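Visitor: The structure that follows is given in the form of structure tokens.
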Amino acid sequence: MHTAEQRHISTATPGLVFSGLHASIVDKMGLAVSAGDMASGSIVRIEELEERFGVSRSVIREALRVLASMGMVESRRRVGVQVLPATEWNLYDPQVIRWRLASPGRVSQLRSLTELRTAVEPQAARLAALRAPLADASELMGLAGKLWAAGQNGDTELFLKLDIQFHRLVLSSSGNEMFGKLNSLVAEVLTGRTHYGLMPEHPHEEALQMHVDVASAIQRGNPVDAQSAMLAIMNRAMDEMSTLWDEEAHK
């Protein structure tokens with residue numbers, strides 16, 4: 001028989017491993033840590049968390065195990081649970097990225113992610129021009145065309161879906177398995193920018209053309225042009241968000 005806790009319908013962020021109440025509490029606690037409501041270095045007791053979140057000790061313990069696996073907290077014998085600094089977190093975990101994007105530190109997280117993409121994706125495009133199977137290169141050209149149409153039509157949801165597919169395929173087509181594993185990170189930053197209104201309502205034609213240029217260069221097997229076109233996409237993304245960086249710096 002299922003308990004009331006197990007029957008609870010979750011409203012937590014999609015993508016969690018757990019379902020129901022466990023997922024909801026993991027989500028709430030992860031957001032609290034990311035937002036600084038459970039401050040780095042602080043010690044909290046399970047009894048306090050039971051009262052704060054209004055759930056049983058078993059639910060709290062399960063949620064803490066999940067957060068500990070992400071490097072966000074650490075149980076200390078006879079002391080309690082210590083909240084660890086962000087330098088200890090698994091910053092590549094998609095769920096951690098979502099929590100950070102939902103926190104007041106959203107702008108800093110977006111900047112870090114965009115800088116990482118700028119370092120990786122141009123190189124991935126260069127390698128894809130050398131290694132991509134013909135089918136992948138053809139698919140990239142098709143996606144670039146669909147992106148153009150979605151951008152021109154102002155179909156934000158379709159554009160986001162296609163943009164994620166495009167960048168994931170470039171990463172996987174690089175033939176570098178470690179680049180390929182960054183696909184979820186790219187999906188989160190693109191989704192985050194869209195969700196928080198940090199993408200232009202209608203992508204500029206220049207940006208759309210850059211995606212076509214990347215795909216074309218990869219299809220032609222031209223690594224220099226592929227790298228250059230992808231770097232242009234990354235630089236444009238940085239420029240589009242530069243106002244946010246400036247505002248954050250002057251707070």
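Visitor: Relative contact order of the chain, please, whole-number percent, based on alpha carbon pairs below 8 angstrom and at least 6 residues apart.
Guide: The normalised contact order for the chain reaches 18 percent.
Visitor: Helix 57-69 versus the longest principal axis of the chain: what angle, 0 to 90°, nearest 10, using Cα atoms?
Guide: The helix 57-69 is inclined about 40 degrees to the chain.
Visitor: Using only Cα atoms, find the angle between the long axis of helix 106-131 and the longest principal axis of the chain, and express it within 0 to 90 degrees, rounded to the nearest 10.
Guide: 40
Visitor: Need the full-extension length gain, LYS146 to ALA39, defined as separation in residues times 0.36 nm minus the C-alpha distance. One decimal, nm.
Guide: 34.0 nm
Visitor: A further question follows. Determine the principal axes of the Cα atoms in the chain, then give the extent along each, sorted from largest to smallest and rounded to whole angstroms.
Guide: 62, 50, 34
Visitor: In bins 5 Å wide, starting from 0, what share of all Cα pairs of region 105-249 does each bin hold, as a percent?
Guide: In whole percents, the pair-distance histogram is 2, 11, 21, 25, 21, 13, 6, 2, 0, 0.
Visitor: To continue, here is another question. Compute the length gained on full extension between GLU205 and TYR92: take 0.36 nm times their separation in residues and subtract their Cα-Cα distance, giving the result in nm to one decimal.
Guide: Roughly 37.5 nm would be gained on extension.
Visitor: While we're on this one: Order of 186-192, 35-41, 172-178 by packing, highest average Cβ count within 10 Å first?
Guide: The packing order, highest mean first, is 186-192, 172-178, 35-41.
Visitor: Using R₀ = 30 Å, calculate the FRET efficiency as 1/(1 + (r/R₀)^6) where r is the Cβ-Cβ separation of HIS195 and GLU62; round to 0.05.
Guide: The calculated FRET efficiency here is 0.60.
Visitor: May I pose another question? Starting from the amide H of MET38, placed 1.01 Å from N in the peptide plane, find each other amide H under 5 Å away whose residue is 5 or more places distant or on another chain.
Guide: Amide H to amide H, under 5 Å and 5 or more residues apart or across chains, MET38 pairs with VAL33.
Visitor: Another one. Against the longest alpha carbon principal axis of the chain, how many degrees, from 0 to 90 and to the nearest 10, is the axis of helix 20-35 turned?
Guide: 80
Visitor: While we're on this one: 5 Å is the cut-off here: which amide hydrogens, built 1.01 Å from N in the peptide plane, fall below it relative to VAL73, excluding neighbours closer than 5 in sequence?
Guide: Correct list: ALA68, LEU84.
Visitor: Same structure again: Between SER184 and ARG76, what is the FRET efficiency for a Förster distance of 35 Å, r being their Cβ-Cβ separation, to the nearest 0.05?
Guide: 0.65
Visitor: About the Cα centre of region 105-249, how large is the charge dipole given +1 on each Lys and Arg Cβ and -1 on each Asp and Glu Cβ? Please answer in debye to the nearest 20.
Guide: 500
Visitor: Taking the Cα centre of the chain as origin, sum charge times position over the Cβ atoms of Lys and Arg (+1) and Asp and Glu (-1), and report the length of that vector in debye to the nearest 20.
Guide: I would put it at about 860 debye.
Taken together, the values in this text are just the output of simple stated rules run on the coordinates, not laboratory data. Nothing here was measured: the structure is a model prediction, and the numbers come from that model. Positions of Cβ are generated from backbone atoms using ideal geometry, with glycine treated the same way; all protein chains shown enter the neighbour counts.
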